[in-house]
Amino acid sequence: MDEGLKSELSRQGVVATSLQELYNWGRRSSLWPLNFGLACCAIEMIASTMARYDMARFGAEVFRPSPRQADLMIVAGTITKKMAPQVVRLYNQMPEPKYVISMGACAISGGPFKQGYNVLKGIDRYIPVDIYIPGCPPRPEALIDALMALQRKIDAQQLTGESRPRHLNADEPSEFTVPTFGSHDLEPPQNPAVWHAPLVQIALAEEDESGTA
Amino acid sequence: MRTDSYLPIVVLLLGALGFAVTPLALAWIWAKQFSPSKPGNDKNAIYECGLESSGDSWVQFKTGYYLYAIIFLVFDVEVVFLLPFATAFTGFGIGESLAMLVFLLLLIEGLAWAYQKKVLTWT
C-alpha cells in the first residue's frame, strides 16, 4: 500500500495495515525480558525498569522469571566461564521469537576482565546477539536506547522471503551448542556457526581503523 | 415460543466457543503458515533455571502428608460445623441431634485413630 495514501487515511481516522506490520507491532510492543542479571550491569538494568527511567513505556516492564515466558535476554554483566553454559541453556529454553541484548563491555568482549582466564570474551561466541551496548556499565538511558534500537530492528523485519528473521526460517536452529567444562577452557571455546575471530587485514587498515571491514 | 426462549443461550454459547477457539485456530494457522515449530532438548527439558535437567517430572511426594490432612479435617472442619450447631442448639429436635452426633462420632473416630497412631505427640 502506498505510504502517502496510508498517512492520508490515518489522518481521516482510518488505520490501514498489513499482516506483517501488525505482527511486527505486536512483537516489538511486548518484549518481555528474562529476569536475570550477571553482574553490575544488572543494577543498571534494574534501575531502568524503576519509576525514574520506566522501561514499561516500551512494553518491556514484565521481567519474566522463567525463560519459557521471555522474549528478550539482556545479558547484563560479566559472563564467567562457570556461568556461560547456564546462560546459553537459558537462551535455548526461551521460545521463539527471541532476542539478545549484550549489555556492557563484559558481555560484548569480556571488558576489563578480557585477559582473565575465567571470563568469557563475549556472549556472541555462543548465541546470536541482536544489539550491543557499550559502557561499563551502560547507563539506563543506553539500555532504553538499545531497546528502542531492537524495536526498530523488529519493525523492519520481513515476514516472508530470504531476509526473514531467524525464527521464521525452518532451517535456522533455535538451540545452540551449550559449552561444557573442558580441562583448560570451555568446550568448544566458541560456536563456529555463530562466531568466528575477526580477520584483520593490514591492507584495509588505512581506510578502516579496525581493519576488519 | 418455547424453543425461542432458549435461542439467546445458544447464541451466547456459540459466541463463547468462538472466543475460545478462534485465537487458538489463528495461532495454529499462523504457525503452519509462517512460524515453524522448533523443539529441542533444552527447550523441552523439565527444568528451566539454566541448570541441566536430571530425572523425570513424574516424581512421587511423600505420602506421610495425609496425616496432616486428617488432623486438619478433625480440628478445623469440626470447628466450622460445630459453631452453627452450638448457636442453633436450643431449637433442635431428636433427628438433628442424632445427625450431629453421628458427625461428631466420625470426627472423634479420626482423633482416636490419630491418637493411637501417636501422631499427636510433640517430639
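The values are calculated or read from the model by the stated rules, or taken from the named source; none is laboratory data. Bear in mind that the values here come from a model prediction, so they are computed numbers and not experimental data. Virtual Cβ from ideal backbone geometry, glycine too; neighbours counted across all protein chains shown.
Evaluate the following for B:Lys38: is it in contact with a Ser or Thr (Cβ under 6 Å, 6 or more places away or on another chain) and either in a loop (DSSP other than H, G, I, E, B) or farther than 19 Å from A:Thr180 by Cα (or both)?
yes
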- Tell me which of these B:Ala45 doesn't satisfy, since it passes every other one: (1) surrounded by 13 or more Cβ atoms within 10 Å (Cβ to Cβ); (2) under 30 Å from A:Pro67 (Cβ atoms); (3) under 25 Å from the mean Cα position of the chain (by Cα); (4) aliphatic (A, V, I, L, M). (3)
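Test B:Gly95 against the stated conditions and say whether it is away from chain A (no Cβ under 14 Å), surrounded by fewer than 11 Cβ atoms within 10 Å (Cβ to Cβ), without any contact (Cβ under 8 Å) to a residue 40 or more places away in the chain and assigned to a loop (DSSP other than H, G, I, E, B).
Judged against the criteria, B:Gly95 is not a match.
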- Of (1) outside any strand (DSSP E or B); (2) touching a residue at least 24 places away in the same chain (Cβ under 8 Å); (3) in contact with a helix residue (DSSP H, G or I) (Cβ under 7 Å, 6 or more places away or on another chain), A:Asp124 fails just (3)
- Item | Count - residues of region A:74-108 that are within 14 Å of chain B (Cβ to nearest Cβ), surrounded by 24 or more Cβ atoms within 10 Å (Cβ to Cβ) and closer than 21 Å to A:Arg27 by Cα | 4
- Confirm whether B:Val77 is farther than 30 Å from A:Arg164 by Cα and either within 21 Å of the chain's Cα centre (by Cα) or part of a helix (DSSP H, G or I) (or both). yes
- Message: Condition first: hydroxyl-bearing (Ser, Thr, Tyr) and at pLDDT 85 or above. Now tell me which residues in region B:69-104 satisfy that.
- Response: B:Thr87, B:Ser97
- Determine, yes or no, whether B:Lys32 is within 14 Å of chain A (Cβ to nearest Cβ) and not in a loop (DSSP other than H, G, I, E, B). yes
- Message: I need every pair where a residue in region B:46-57 that is away from chain A (no Cβ under 13 Å) has its Cβ under 7 Å from the Cβ of a residue that is among the β-branched types (Val, Ile, Thr) and surrounded by 10 or more Cβ atoms within 10 Å (Cβ to Cβ), sequence separation at least 6 or different chains.
- Response: B:Ser57/B:Ile46
- Scope region B:6-42; condition basic (Lys, Arg) and surrounded by 12 or more Cβ atoms within 10 Å (Cβ to Cβ); matching residues: B:Lys38
